[in-house]
Structures are given as C-alpha cells and as structure tokens.
C-alpha cells in the first residue's frame, strides 16, 4: 500500500493516480482520484462518498478501448473483482458467471479448456470481461452478444444492482445500452450461456485459409482459436509492444445505393450485407485508400501492418492521436462521402 492509497472494505482509493499504464495506448494521463472496486456490494457506499458525488466520474477497465486525450479532473472507477463460476450445467449448455475484472482473453481460454464452444473467434481481444457487453466486442464474424444471457450492473439512477437480460442490453454493432448511457451503468459481472457444440465460423477474413496453412482439414474449436490468434498476431500490433487500442474505426454501414456507387468506382472495396438493406464497408480499406496506412506524425501514427490501428510510437499524447484520427475522418469523408466513427471511447 502506498502512502496515498486508502484501503476500505471492498474498495481502495488512490489520490493523484497515474493512468499511463492503465490505457493500452500508453498515453500520459492522471486522475485526481482512482477507486478500485473488488466487491460490487461496496458500490453503494462508494457512490455515497462526497468526492464521488461532487466529481466527474469515468469508468475504466483495462483501458483497451479508450483514448485519454487529457487528465481526468475527478474520479476514475475501476471494477477489479475476479472470479469465474459455473451456475448451471445442462449438458449441451452451461450458464457461466464471470466477474467484470477478469481478463477477456483468459476467460476465452478458460472456456475452450473446459470444452465450451463459440468464443474461439473472439480470442486475443484485449480488455476485461466487464468491457465486453459495453462494446459488444466482435471479431471474425462473431459477437459477444450471441452468448450473453445477463449483465449485472450497478444502476446509478436507482442506487442498486440490477440484472439486465440480453434483450434489455439493446446490443447492436459495437454498441449497447451501456455504451449509450455511460454515466448510468457500471458493469459488475456477465453471465454467459455457452454451448458445448456449435457450428464453426471460419468463412471470415482468412480463417479458413489459415487453417489450411496449418494443414488442418477437420478443425476443432481450439484449432480455430489458434488460427485466429495467428491472424491477429500477424496483422495487429501487440499493445504490450506499441501503444494502441486495436481497431480504431468501426466498419461504416451505408445505404445499398451508396455502396453500389462506391463499388462501381472502386471495384476492390470490400463490402458485406448489413441489416435493413444496408451494407457494411471495410474501414481499413477506406483509410488505406485515403493514404493514411503507415503515416506518422511525430509519435502518433497509423500502423504499417493494419490501416485501422492508430499507434503511439513512443511519447505522443492522446490529444495528438485524436488530431490524427480527425484528419483521417475528414479525408475519408471528403473522398468517399462516408463518415468514420471511432470504436474506442474518446475522453
């Protein structure tokens, strides 16, 4: 315990905390107060503290989906409670409760190691389990919402824990109720309904080709996880080696007519069907075509390996990264008439 840290039952408070190692961009930032919660039952007491009542509040997990553009002038709240428990096991499916502070990738490996299927395409996504429903994380054709049964969260409006089923979470592409109301809910735990048998999803972004390169003709769920890990490690820079938050822009969804016009002018533009007659475009292709892949402005840049990944080459600030992101947004809008939206939360 450091001199500026106070430990209470279920939580601890640190004054003047450094956040540079608490965000995967590794940009410098500090907060006036950091409160770490290891028991969700302490949240009512924490929200009753005068400092919390009077101060701006930011919820922060492992910081893998946030860009801090400045110091935080108030309280940063972090749920660090850990634990994985099988609540029900019906043979074909099991209901598994995971505390918000668990690491997502470790949970995926836990599920595969116990014979559960479905999460293999979501392996190696950085961040905590508590962040998964907020962002409705997804990769290689699979989204977290397909497995989430219930989210347990602290509702600041009524001052108690609530349980929201899948429908109440209002999941959408990289979106949810929790993302749309960030000042209301604090995710404390997630309950997943995990199958033991599920059709493999291998027809997305090179997974089938990677399995072929691995000389696997009849893949298992574990083999698909290995293929996805190889793809991610080859395409995406490791946040432990160079600061980044993974994909920085969402794949934009546009009207079918707009997509057809763009594809006629740009035959190599990847495009997929979306809901309501719309189409989803490749944000990476748009950024690359606008000339930003590998661009560097000081220590802020775009990865040479993947056009969707903005990186911190060393000592840049979050503000400088955001300036570069805004330049990319403006350039893509001007050239293609498509406005890119950031995936990470911009603070």
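The values are calculated or read from the model by the stated rules, or taken from the named source; none is laboratory data. Keep in mind that this is a model prediction, so the values were computed, not measured. A quick note on method: Cβ atoms are made from the backbone with ideal geometry, for glycine too, and the neighbour counts reach across all protein chains shown.
Scanning segment 221-241 for residues that are modelled with pLDDT of 95 or more and outside any helix (DSSP H, G or I) yields no hits at all.
Kindly check whether there is at least one residue in segment 219-242 that is over 20 Å from residue 108 (Cβ atoms) and in contact with a helix residue (DSSP H, G or I) (Cβ under 9 Å, 6 or more places away or on another chain). Looking for residues that are over 20 Å from residue 108 (Cβ atoms) and in contact with a helix residue (DSSP H, G or I) (Cβ under 9 Å, 6 or more places away or on another chain), one finds none in segment 219-242, hence no.
Checking the condition under 30 Å from residue 248 (Cβ atoms) and within 25 Å of the chain's Cα centre (by Cα), which residue from 100, 40 passes?
Working: 40 fails: under 30 Å from residue 248 (Cβ atoms).
From the options 100, 40, the qualifying one is 100.
Every condition in (1) over 19 Å from residue 26 (Cα atoms); (2) buried (at least 16 other Cβ atoms within 10 Å of the Cβ) holds for residue 242 except the one numbered (1). Figure legend. Inter-residue proximity from segment 265-277: first residues outside the structural domain of residue 338 (by TED's automatic domain parsing), second residues modelled with pLDDT of 95 or more and surrounded by 15 or more Cβ atoms within 10 Å (Cβ to Cβ), beta-carbon distance below 6 Å, spacing 6+ or different chains. No pairs are indicated. Summed over segment 281-328, residues that are under 21 Å from residue 258 (Cβ atoms), touching a strand residue (DSSP E or B) at 6+ places or on another chain (Cβ under 9 Å) and touching a residue at least 40 places away in the same chain (Cβ under 8 Å) total 6.
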